[in-house]
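Input: a single structure, listed below in structure tokens.
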Amino acid sequence: MYEITTTRHNHLVDSTLHAWSWQIPTYLFLGGLVAGMMLISGYFLFKGRYKENNCSCYYLPLFSIVLLSLGMLFLFLDLEHKAYFWRLYTTFQITSPMSWGAWILILVYPALILNILMRVPKPLINKIPKLKNLSDEFLKHPFGIKITGIINMILGGMVGMYTGILLSSLGARPLWSSAVLWLLFLVSGLSGAAAFVHLIAKNVYERELLAKADNGFLVIELFVIAMLIIGLLTSSKSHMAAALILLSGPFASSFWVFVLGLGIVIPLIIQLLAVNHKIHHTPVAPIMVILGGLILRFVIVAAGQYSHWF
Amino acid sequence: MTYLSRRRFLKISGASIIATAALSSAGGVVKGAKKLEEKTGKKIKGIQKIPTYCSMCFWKCSAIAYVKNGELWKIVGNPEDPLSNGRLCPRGTGGVGAHYDPDRLKAPLIRKNERGEEKWVQVTWDEAFEYIASKMNKIKKDYGPESIGFFSHGIGGGFFKHLLKAYGTRNIAAPSFDQCLGPRDTAFEITYGDVIGGPERTDIENAKCIVLFGSHIGENMHNTQVQEFAKAVERGASIIVVDPRMSTAATKAKYYLPIKPGTDLALLLTWINILISEDLYDKDYVKKYTFGFEQLKAEVSKYTPEWAYPVTGIEPELIRKTAHEIARFIPSALVHPGRHSVWYGDDTQRGRALAIINALIGSWGRKGGLTNQDVFDIPSYPYPPYPEPKRQRADNPDKKYPFGGAEGYTTGLREATLTGKPYPIKGWFVYGTNLLYSLPNTEETIKAIQNLDLLVVIDVIPSEIAGYADVVLPEAVYLERYDELFAPYFKQPFVSIRQPVVDPPNDQKPGWWMAKQLSEKLGLQKYFPWKNIEEYLDTRLKSAGLSLAEIKKKGVIKGPEIPLNLEEGFEPEFETPTGKIELYSTVLAEKGFDPIPKFTKHKDPPAGYFRLLFGRAPMHSFSRTQTNRLLDNVMNENEVWINADVAKKYGLNSGDYIKLKNQDGVLSNKVKVKSTERIRTDCVYIVHGFGHNSRMLKGAYLKGASDSQLITKYKIDPLMGGTGMNVNFVTFEMEV
Amino acid sequence: MARFGMVIDTVKCVGCTDCVVACETENNVPVGFARDWIEQIAIGKFPDTHVEIRSERCNHCSEAPCVNCCPTGASHHSEFGGVVLVTHNECIGCKACIESCPYGARFVHPEGYIDKCTFCIHRVKEGKDPACVSVCPTHCMHFGDLDDPNSEVSKLLQKRKHHSLLPEAGTSPNIFYLT
């Protein structure tokens, strides 16, 4: 028997750490989703699919900019010393993923705006007619568009990875100290974005493509989760205990049922049947994938805070 | 021979005979920073350091309070203080929280509705005194002045004691005796003609072997003892702890003996037998200083380790080994006499066994044993003599308990109030003791209170007893008032001062002021001839060749050093009938008690019940400190310690809440379970003082469970009337 | 450069919490929070239970994850003895440092910045011990320069068996516990 008693009962820290509540996982989810969208949109730009009038690369950056801003709002809401928020941008801390993230996000906006400039939304043109000219000019430079695609993909990839590295760099939480967490969040972001495109795409080709791609992402995600768990189970006793928090501990039901079952396996089966034309495409599967991605962030953040060294 | 009224008590209260003219005023009243600010209109800047002695427990360490920009900041130990050696305990450090406690009493209150309903009318001090005086006068007229009783704990009660003696009653009692150390001191008085005292005369610092019987030093945070214990641990002293619970001290022990509760006397008698039969005792010492060795030898021969094994649960080998361990360190071995010793009703006899074993190992007067103590002699104030009461004390009529009552007999006073015998008690003053949490069987106390015409409670917080009072007088906390000088018996005689550090935040007043004001309403002014407390203190100090100005600056003044042990030239005298340490007690024989202790078996808990044990936590004092937010921060509720196997059987985990139900069906507040490998399976343990049910104690209300609530049964020690309280059994109620 | 640290004797410590209360008053720690605390660890089967009692706080790690993860540099190693400190007006309250500390030593001060033990650097600069060390009635706590082989703390570590907390977390803690 191993009894620990402590006199400490600090708010947010005891008895189990819960300093981050809903804002951070939501922010990480939105960041991941935006990352996926940028990768997809950037890929379409790179591939020249923008020539198709109803290419999703025309509306994905709009969604991205809204969702990213929402995510940053949530991040801001989580800050305890809000009046000093600007301190993020008076320094660059090379060892701090959060500092990296803050600066990367600053770069993401121009990249998204470049993408948006290809076809500026009507209400905006009505207000600032000059934007139309700018947009037309931009479309005349295919190479510039290719570069914009690449930039969007690179930054998207960085944002996606960053959301995972942010957690795994905090060594005190054994569940997060996995070498594949960045990959998990990146793939999950991609699958969420793919599901999103699948859900709203006007272009049938893109919908089919993304449904197929999403199936691939979901399979990879399953594989990465398996790697993460196996990695933890074969590490120190603290890491093993962390894995067990997901497998059989307090977060087991949400992990097995919502993350794996309803978030990955079942939508995967539905979409496999759909792309093989056994059933009609249904919005149910992509919605499940997107919600699954959200729940994954919640589970990983909460269970990670629950895990500790001993 | 008068028991327990030995010279040390006489010495302190002796010089109260001759009246002299009051001295002229001795300096202005020291005002706290706040008042000074109001007066001068200037903000007080910087740091002031003011020495004073602590009141967070009754060890009374000297401290230095820091006031920063007019606000109380922190309190540290006074390096000159022989008790604290410059280091306070958490309560002393947390004394800051007593001043800032938001739940403090703020103004005098007079009861509006039924007793216990906690409904009050706020009154002026004059109205409060007027009310009390008229009631007291009526009681005096109808029943005589002896019909007022006084329960007091702490040095601040002294001025009220003085007032009530002047009024004409001697029915004064303190729970510190019958609910605490009474049996121990009675036993040592009987055996050695002298008490262990408090601060205890134990030389833990120099002991090479220390035996603790249920003494949870470290949890019982009596500062000097803890400091010395830590030194002993560091030195590698051999420590033997006998306790059903693995206390903090037990975790430091070389030998931990998890004894079955209620069988300590069996182990002691067996050890005594081993020391004698194996010729291990200090022969020269015993020959020179003791009386009745042969009788003792004959009496204890039946207590063999093999006999003790099924009784105590301690294996014979371990009993022998530990007896040898004690003997190995003669003459620097110490069997600590303990302090809180009201356990099973035969406690004085257990105390006797402790006294006897200490005699066999020759610890009295030895380095690392029980040292000599003396006092810094400061004559009492020359008051006029008190009126002689017409009737004997009501608390122990006809000396029912022949060895009881030096500090008064609390439950006896309660009994007299309940029964009206030997005569009615119609008024109570209660100072600084939460009677509902200090006396066993709360129900009896509440019933007794219903017979009263007047209940006055003087306290700093709205304790449960205050809830039943007719008049509540809010006292300034120790940091805001002057008090009596402190000059205890100790190995280094000294005198220390309590003086105001800050002003009371509201309309609280010091006890001395209340007593003096009330004396005027009662026409007893002649007993308070001094103009103010400074004058009183200065008079006393001057008569000892000191001055108030000097002690105000230093906080502590030490007396000359004294020889502490035989090695230093101390020659012990034993004020017993034989003039020796009475292994065989002639006075006990005379009164018809066992002259040598005999083991008596105590009732085991019935199936499904566990013996309720209680004790202390280092950061709290009794039920007085739970609303102190600094101390609440380190312990805000108590837990019930349950053996891990037992807890498992009941499906309980640490952190679950349950209620405890005692043998009489009394249910506790809900209390958190601590499932632990640090207690036996036949008992449970909680820290005393929690589970407050006074709604006015907002910071402590219903946090944890109260042992006092569950102690409906108690067993009276026939020698001195102490109330053995470890005789209650509880079971678990899962519904909370 | 000095490397300040503490050596705490768990054999002498009785867990009285005086260190905790002294810290509260010295540093005006807000009610309900604690920069230091007492932990008791019991291992084994009654009555052969082994209990370690110790006073814990920020370990002022040499490899401090809280310093590394701080996005603004508010969490930093002081030049004065390597003490880990938080500059209040640089802290944004992102709580990454709270998440990164394996000891749970940090908390959000009600004013929004992150707070923790400072080794009472204001006292140490005046040549005094930290408040917790200076009040301990058992004298079980020692403070000093771990890089100075002649300091009391270094000597105690040479003489006595000791351990630190979660060294496997790779933080190089600077508080050591004598056993």
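Okay, here's what the table says:
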| quantity | calculated |
| --- | --- |
| Burial order of peptide ranges B:289-297, B:265-273 (average beta-carbon count within 10 Å, highest first) | B:265-273, B:289-297 |
| Computed FRET value (nearest 0.05) for A:Ser69 with B:Asn653, which takes r as the C-beta separation and R₀ as 51 Å | 0.65 |
| Packing-based exposure ordering (other Cβ within 10 Å, fewest first) of B:Cys57, C:Cys94 | B:Cys57, C:Cys94 |
| Helix A:284-306 vs. chain A, principal-axis angle (Cα, 0 to 90°, nearest 10) | 40 |
| Full-stretch length increase - A:Ser236, A:Leu117 - with 0.36 nm per residue and alpha-carbon distance subtracted | 37.8 nm |
| Calculated diffusion of region A:1-140, Stokes-Einstein form, Kirkwood radius summed over Cα pairs, 37 °C and 0.692 mPa s, µm²/s | 182 |
| Estimated 222 nm signal from helices in chain C, with DSSP H stretches of n ≥ 4 weighted -39500 (n - 2.57), rounded to 500 | -5000 deg cm²/dmol |
| Estimated inter-spin distance, C:His77 and B:Glu567, nm [label 7 Å along Cα→Cβ] | 4.9 |
| Dipole magnitude (debye, nearest 20) for the protein assembly as shown, charges at Cβ of Lys, Arg, Asp, Glu | 2060 |
| Straight-distance crosslink candidates among lysines, where the alpha carbon sits under 23 Å from B:Lys591 and sequence neighbours closer than 8 are dropped | B:Lys297, B:Lys399, B:Lys400, B:Lys580, B:Lys601, B:Lys715 |
| Relative intensity, log₁₀ I(q)/I(0), of the protein assembly as shown from a Debye sum that treats every alpha carbon as a point, q = 0.06, 0.07, 0.08, 0.09 Å⁻¹ | -0.61, -0.77, -0.94, -1.11 |
| Extended-chain gain in nm, criterion 0.36 nm per residue less alpha-carbon gap, B:Glu733 and B:Lys112 | 219.9 nm |
| Relative contact order (%) - criterion: Cα under 8 Å, at least six apart; region: region B:110-263 | 12 |
| Percent RCO, i.e. relative contact order, over region C:7-77, from Cα pairs under 8 Å lying at least 6 residues apart | 29 |
| Per-residue Cβ neighbour rank within 10 angstrom, fewest leading, B:Glu735, B:Glu550, B:Glu228 | B:Glu735, B:Glu550, B:Glu228 |
| Full-extension gain in nm, B:Asp126 to B:Arg391, via 0.36 nm per residue minus C-alpha separation | 92.2 nm |
| Cα-Cα separations in region A:258-307 greater than 15 Å, expressed as whole percent | 48 |
| Förster radius 60 Å - calculated FRET efficiency between A:Val204 and B:Arg235, Cβ distance, rounded to 0.05 | 0.10 |
| Relative contact order for region B:610-733, counting Cα pairs under 8 Å that sit 6 or more residues apart, in percent | 34 |
| Amide H contacts under 5 Å for B:Gly362, placed H, 5+ residues apart | B:Asp282 |
| HN-Hα J in Hz across region B:131-139 - Karplus 6.51, -1.76, 1.60, θ = phi - 60°, x for Gly and Pro | 4, 5, 4, 5, 5, 5, 5, 5, 4 |
| Label point distance in nm, B:Lys400-B:Asp604, each placed 7 Å from Cα along Cα→Cβ | 3.3 |
| Distance from region B:495-569 to region B:423-447 (C-alpha centre basis), Å | 29 |
| Ordering of A:119-127, B:209-217, B:130-138 by burial proxy (mean other Cβ atoms within 10 Å per residue, highest first) | B:209-217, B:130-138, A:119-127 |
| Computed helical MRE - 222 nm, chain A, DSSP H runs ≥ 4 contributing -39500 (n - 2.57), nearest 500 | -22000 deg cm²/dmol |
| Of every Cα-Cα pair in region B:610-733, the percent that sits beyond 20 Å | 43 |
| Reachable lysines from B:Lys509, criterion Cα separation under 21 angstrom, eight or more residues apart if same chain | B:Lys31, B:Lys34, B:Lys35, B:Lys39, B:Lys60, B:Lys106, B:Lys161, B:Lys521, B:Lys531, B:Lys552 |
| Exercise: per-residue mean of other protein chain Cβ atoms within 10 Å, B:673-682 | 4 |
| Within chain B, helix-based [θ] at 222 nm, where runs of 4 or more DSSP H residues each add -39,500 (n - 2.57), nearest 500 | -8000 deg cm²/dmol |
| Normalised alpha carbon radius of gyration of region B:108-263 [divisor 2.2 N^0.38 Å] | 1.52 |
| Gyration tensor (alpha-carbon) shape descriptor, region B:638-683, a/c threshold 1.5 | prolate |
| Using alpha-carbon coordinates, inclination of helix A:237-247 to the longest axis of chain A, degrees | 60 |
| In degrees, nearest ten, helix B:264-277 long axis to first principal axis of chain B (Cα) | 50 |
| Antiparallel bridge percentage (DSSP; both residues within the protein assembly as shown; nearest 5) | 55 |
| Packing-based exposure ordering (other Cβ within 10 Å, fewest first) of A:Arg207, B:Arg328, B:Arg481, B:Arg352 | B:Arg328, A:Arg207, B:Arg481, B:Arg352 |
| Under 21 Å from the Cα of A:Lys82 - lysines, other chains or at least 8 residues apart | C:Lys95, C:Lys116 |
| Radius of gyration and maximum dimension Dmax of chain A, Cα, Å | 20.8, 75 |
| Where labels lie 7 Å past Cα in the beta-carbon direction, separation of A:His141 and A:Ala252 in nm | 5.9 |
| Column: log10 I(q)/I(0), Debye, Cα scatterers of chain B, q = 0.04, 0.09, 0.12 Å⁻¹ | -0.15, -0.81, -1.51 |
| R0 of 35 Å, Cβ-Cβ distance B:Lys542-B:Lys68: FRET efficiency to nearest 0.05 | 0.55 |
| Positive minus negative residues near A:Gly171 (Lys, Arg vs Asp, Glu; Cβ under 15 Å) | -1 |
| Span per principal axis, largest first, for the Cα atoms of region C:4-178 (Å) | 49, 38, 33 |
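Throughout, read-outs are computed from the coordinates displayed, never taken from laboratory work. Nothing here was measured: the structure is a model prediction, and the numbers come from that model. Quick reminder, even Gly has a Cβ in these numbers, built from the backbone with ideal geometry, and neighbours come from all protein chains shown.
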